[in-house]
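Here's the structure, in structure tokens; my notes come after.
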Amino acid sequence: MLDSHRVIVCVGSGGVGKTTTSAALAVRAAQNGRRVLCLTIDPAKRLAQSLGLAELRGSEQAVSRELFALQGLRCEGSLSAMMLDMKGTFDELVTRNASSPEQRDRILQNRLYQYVSTSLAGTQEYMAMEKLHAVRLDPRFDLVVLDTPPTTNALDFLEAPQRLVGAIDSPVMRWFVETLENSKGLSLMGRGAAFVLRGLARFTGVEFLENVGQFVTELNDLFGGFRERAKTVYEDLKGPDVAFVIVTSPSPLTVAEALYFTRKLRDFGIEPKAMIVNRVHGTPEACGDAQAAAAELQTFLQAAGSSADSSELISRMSEALEDDVALARRDQAGVRRLKESVGQDLSFAQVPAFERDVHDLAALAQVAAHFERAGG
Ligand SMILES: Nc1ncnc2c1ncn2[C@@H]1O[C@H](COP(=O)(O)OP(=O)(O)OP(=O)(O)O)[C@@H](O)[C@H]1O
Ligand SMILES: [Mg+2]
């Protein structure tokens with residue numbers, strides 16, 4: 001998958017390890033000789049540190065080859081990383097689609113634009129797609145790995161364009177625009193509308209309301225082009241050079257979400273290429289036998305001449321071991337359920353839960369080593 005695609009999109013529920021997995025896939029592909037760009041939305045310093053960068057910026061930065069060498073890793077290709085700059089991407093979009101430089105400036109300088117371009121539902125998801133669209137044809141890279149935003153609802157990601165257009169083109173907004181446009185001022189307005197707007201104007205000022213009206217009208221103009229574009233961007237995602245990877249943990253809740261997400265992608269006409277189950281706790285066998293461990297501890301304490309009452313310690317240890325076994329069983333059940341449900345066409349990999357956070361290039365490479373064992 002890493003060798004034969006131009007774009008890899010990692011999707012999954014919040015906190016399962018999307019950012020880590022994206023970075024690990026990018027590291028692996030770079031090691032294999034590809035020129036990779038890892039596009040993340042995660043401003044976490046940790047990821048930057050793992051890649052030996054002080055911070056991630058809104059423009060590409062190369063990860064130094066020396067860093068690979070220092071950690072005993074070869075790198076045949078190259079690795080760059082970049083953080084998604086939401087507002088910058090939206091600015092480019094407005095600039096590209098505005099009908100005139102005046103319209104562009106009016107929108108960019110509108111106070112509401114600040115809100116729409118950074119805080120409106122769906123903006124971040126859509127901008128990730130938009131940026132991807134822009135960099136996928138960049139001749140400097142063979143592969144772009146996209147880390148998607150932490151969405152609590154898997155739907156958010158795929159329905160972002162509709163939601164974004166919907167939020168701006170909502171009935172409330174339309175009512176606003178029509179009311180303001182069709183009247184020559186508050187005094188000539190229908191009584192109901194005038195009442196509402198007067199109430200609002202008391203808080204915001206009439207000028208502000210007119211500002212809103214103008215802004216929404218202009219964004220709507222822009223969206224003639226924008227809607228078309230959203231379609232193109234999303235059609236591109238269905239191309240044969242794009243691979244979707246579902247990242248999940250083996251816990252029951254995220255398993256259910258991963259399965260739902262797989263179905264949803266298929267509904268959108270996208271067949272996911274791989275599933276990565278991250279943070280799988282060891283097998284029950286590997287946890288050992290609590291009884292045997294307790295007996296061993298007792299023997300050890302006696303041999304060491306300890307007079308301490310070991311029963312408390314032993315029972316605590318047994319409990320901890322039993323917890324581990326329960327966790328391992330739960331994870332095994334989660335993995336089994338995923339494997340059975342997703343079918344044979346999907347590569348399937350498991351990454352163990354490491355003792356510590358994944359915090360450097362070597363750890364990312366260690367995560368990636370587990371992708372090798374992916375099977376159908
Ligand atoms: N296999 C693993 N073993 C141990 N720690 C891990 C593993 N995978 C990820 N982590 C750690 O878990 C934390 C969360 O991972 P990450 O940031 O990749 O999740 P995410 O899915 O991107 O989260 P969000 O949805 O918030 O963006 C990080 O501190 C990371 O180092
Ligand atoms: Mg993340």
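We did not get these values from a lab; they are worked out from the coordinates using the rules stated. It should be emphasised that the depicted structure is a prediction, and the values quoted were computed from it without experimental measurement.
Structure data summary
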item: Where the Cα pairs of the range 289-331 fall when distances are cut into 10 Å bins, in %; result: 30, 45, 19, 6
item: Relative contact order (%) - the range 1-77, alpha-carbon pairs under 8 angstrom, separation at least six; result: 30 percent
item: Rg to Rh, two decimals, where the range 79-132 supplies the alpha carbon set and Rh follows Kirkwood; result: 1.01
item: Amide H partners (placed H, <5 Å) of N278, local residues excluded; result: T248, S249, V351
item: Cross-link pairs K231/K264; K131/K273; K131/K264; K87/K264 - those with Cα-Cα distance over 20 Å; result: K131/K273; K131/K264; K87/K264
item: Relative counts (whole %) of C-alpha pair distances in the range 303-362, using bins that are 5 Å wide; result: 4, 12, 13, 14, 12, 13, 12, 7, 6, 3, 2, 1, 0
item: Gain in span if fully extended, Q291 to Q366, counting 0.36 nm per residue against the direct Cα distance; result: 23.7 nm
item: Long-range amide H partners of S78 with built H, under 5 Å; result: R34, R35, V36
